[in-house]
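*Asks:* Structure below; questions to follow.
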Amino acid sequence: MTRGTGRGGSSAAPRSVDVARLAGVSQKTVSRVFNDEQYVSADVRRRVLEAAETLGYRRNNAARALASGRTRSIGVVTLGTALYGPATLLMGVERAVRDTGYALRVVNTMEGDPAGIAGAVDSLLDQGVDGIVISEPIDEQTDDGEVVLRVDVPVLVLGAPSPVEAPMVLTAGDGADQMARAATEHLLALGHMTVHHLAGPLRWYAARDRLEGWRRTLTAHGRDVPQVVEGDWSAASGYAAGRALAADGDVTAVFAANDDMAIGLIRALTEAGRRVPEDVSVVGFDDIPVAAYVSPPLTTVPQPFDAVSQEGLKRLLHAIENPDAEPLPASDPPVDLVVRTSTAPPAHRTTPARGRRPASRSRRGTSSEPLPNGGPSTRH
């Protein structure tokens, strides 16, 4: 496809990336110029404005939005991946927006893309969206800790600290540490003296939150905190970690940061002659559809994707439509634990485990109930 490079070119409208290329600067710098931000030199500002004039670039969508009210569109920045968590969260956002009368504009980013979130946000601002959802971003901070971008519309960040500055920044889905606590406490309550952790890639905030919940739980119970094994979310990385963990006879319980890694881990343990759960108990995270059908069926922590999306979008729309009002209060996401047969008491327990006992009575159906101490609910 050929893109026009001026007013006499093709009908494709020039975008900020074209301005950046012609001016020899980044998309972030172009956005700074058009947002009248500080720390842009007079020479750089001149080059950007001249490039915009040459290309016939205008932030027309944003201008029209200001003149006519709202565009009734919401932009979503998401990581372009087939991983269950980000993909399912995006589906939750799409379902939550469906009946609101707003259109959804989705921009995918790729891990390692130098434009990253800044480029995606800039693209959405060019389209004049009324608000932006940033879904499970990975850490893209610069070395000096500078915020990636400043925008002038409300922003909802799901599952991470905000990478932008905005008139109103809302967060949702940041309860992964509590969910990790539920997984770790379940294993301690079964009698395991400590719990090993197979973490996701620590560039991800989601992986960091799960690791922190695991570590805090062990520390609160006075247990040893084993060395963390880092995977990459894939079953293959879980398998590689499982081969190493299987060689350690002291390992009796493992909390994996997602179900795919847990499944690979179980395969490696089984091949090494370590039975699950008789020798090693394993808990996953996400409750992917296949988790109930692997052997053994996987105990796991489901993520409340729809609940997080619905509440987050409700708060974002309130901020868009009531810019002078106080934000709607946030609520903690539900914490649940689906207990299947990949976890059991250790084969040789010498010292009673501290902490609460697991719920032992069976509950009918698939609904969950809060435990008396206010902790996570448990489904059997």
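The values are calculated or read from the model by the stated rules, or taken from the named source; none is laboratory data. All figures in this text were calculated on a predicted structure; none of them were measured in a lab. No Cβ is skipped: glycine too gets one built from the backbone with ideal geometry, and neighbour counts run over all protein chains shown. We work out accessible area using only protein heavy atoms, side chains counted, and drop any ligands, DNA or RNA first. Shrake-Rupley method; radii C 1.70, N 1.55, O 1.52, S 1.80 Å.
*Asks:* Within the bounds of region 182-204, is there any residue that is open to solvent by less than 40 Å² (accessible area, probe 1.4 Å) and under 30 Å from residue 326 (Cβ atoms)?
*Replies:* No, because not a single residue in region 182-204 is open to solvent by less than 40 Å² (accessible area, probe 1.4 Å) and under 30 Å from residue 326 (Cβ atoms).
*Asks:* Shifting gears a bit: Which of the residues spanning region 75-102 are open to solvent by less than 50 Å² (accessible area, probe 1.4 Å), of a type in the set (A, V, I, L, M, F, W, C) and either in contact with a Lys or Arg (Cβ under 6 Å, 6 or more places away or on another chain) or not in a loop (DSSP other than H, G, I, E, B) (or both)?
*Replies:* The answer is 76, 77, 79, 87, 89, 90, 93, 96, 97.
*Asks:* If you don't mind, there's one more thing I want to ask. Restricting to region 316-344, and then to whatever is over 30 Å from residue 278 (Cβ atoms) and among the small types (Gly, Ala, Ser), can you tell me which residue is farthest from the chain's Cα centre (by Cα)?
*Replies:* Taking region 316-344 first, the residues over 30 Å from residue 278 (Cβ atoms) are 316-334.
Right, trim to among the small types (Gly, Ala, Ser) and you get 319, 325, 330-331.
Values: 319: 22, 325: 28, 330: 17, 331: 17 Å.
Within region 316-344, the match that is farthest from the chain's Cα centre (by Cα) is 325.
*Asks:* Taking residue 275 as meeting all but one of (1) part of a loop (DSSP other than H, G, I, E, B); (2) basic (Lys, Arg); (3) in contact (Cβ under 8 Å) with a residue 12 or more places away in the chain, write down the number of the exception.
*Replies:* So residue 275 meets the others, but not (3).
*Asks:* Being surrounded by fewer than 20 Cβ atoms within 10 Å (Cβ to Cβ) and of a type outside the set (Gly, Ala, Ser) is the filter here, so list the residues in region 270-285 that pass it.
*Replies:* Passing the criteria: 270, 271, 275, 278, 279.
*Asks:* Sticking with this structure for a sec: How many residues does region 103-126 contain that are more than 17 Å from the chain's Cα centre (by Cα), open to solvent by 30 Å² or more (accessible area, probe 1.4 Å) and among the aliphatic types (A, V, I, L, M)?
*Replies:* 3
*Asks:* Answer with yes or no whether residue 160 is in a helix (DSSP H, G or I), buried (at least 19 other Cβ atoms within 10 Å of the Cβ) and modelled with pLDDT of 85 or more.
*Replies:* no
*Asks:* When the residues of region 251-269 are filtered to those that are under 20 Å from residue 227 (Cβ atoms) and β-branched (Val, Ile, Thr), which remaining residue is surrounded by the most Cβ atoms within 10 Å (Cβ to Cβ)? Outline the logic, then answer.
*Replies:* Step one: list which residues in region 251-269 are under 20 Å from residue 227 (Cβ atoms), which gives 251-258, 261-262, 264-265, 268-269.
Narrowing the set further to residues that are β-branched (Val, Ile, Thr) leaves 251-252, 254.
On the way: 251: 21, 252: 25, 254: 29.
Going through the qualifying residues, I end up with 254.
*Asks:* Checking the conditions here, which among 347, 353, 325 is of a type in the set (A, V, I, L, M, F, W, C), surrounded by fewer than 13 Cβ atoms within 10 Å (Cβ to Cβ), at pLDDT below 90 and out of contact with any His (no Cβ under 6 Å at 6 or more places or on another chain)?
*Replies:* Working: 353 fails: surrounded by fewer than 13 Cβ atoms within 10 Å (Cβ to Cβ); 325 fails: at pLDDT below 90.
Exactly one of 347, 353, 325 is of a type in the set (A, V, I, L, M, F, W, C), surrounded by fewer than 13 Cβ atoms within 10 Å (Cβ to Cβ), at pLDDT below 90 and out of contact with any His (no Cβ under 6 Å at 6 or more places or on another chain), namely 347.
*Asks:* Might you let me know whether region 33-41 holds any residue that is at pLDDT below 85, over 30 Å from residue 306 (Cβ atoms), open to solvent by less than 80 Å² (accessible area, probe 1.4 Å) and not in a loop (DSSP other than H, G, I, E, B)?
*Replies:* Within region 33-41, one or more residues are at pLDDT below 85, over 30 Å from residue 306 (Cβ atoms), open to solvent by less than 80 Å² (accessible area, probe 1.4 Å) and not in a loop (DSSP other than H, G, I, E, B).
*Asks:* Just to check your reading of the model, which residue among 222, 231 is more than 21 Å from residue 341 (Cα to Cα) and either buried (at least 19 other Cβ atoms within 10 Å of the Cβ) or touching a helix residue (DSSP H, G or I) at 6+ places or on another chain (Cβ under 6 Å) (or both)?
*Replies:* Only one candidate passes the filter, namely 231.
*Asks:* Oh, and also: Taking interchain pairs and intrachain pairs at least six residues apart, which have beta carbon atoms under 6 angstrom, with the first residue in region 205-234 and among the aromatic types (Phe, Trp, Tyr) and the second surrounded by 15 or more Cβ atoms within 10 Å (Cβ to Cβ) and modelled with pLDDT of 95 or more?
*Replies:* 214/180; 214/184; 214/197; 214/255; 233/200; 233/258
*Asks:* Residue 217 - would you say it is modelled with pLDDT of 95 or more, crowded, with 16+ Cβ neighbours inside 10 Å, of a type in the set (S, T, N, Q) and not in a helix (DSSP H, G or I)?
*Replies:* Values: modelled with pLDDT of 95 or more: yes; crowded, with 16+ Cβ neighbours inside 10 Å: yes; of a type in the set (S, T, N, Q): yes; not in a helix (DSSP H, G or I): no.
So residue 217 fails the test.
*Asks:* Additional query: Counting just the residues of region 286-304 that are part of a helix (DSSP H, G or I) and open to solvent by 20 Å² or more (accessible area, probe 1.4 Å), which one comes out nearest to residue 264 (Cα to Cα)?
*Replies:* Among residues in region 286-304 that are part of a helix (DSSP H, G or I) and open to solvent by 20 Å² or more (accessible area, probe 1.4 Å), the one nearest to residue 264 (Cα to Cα) is 290.
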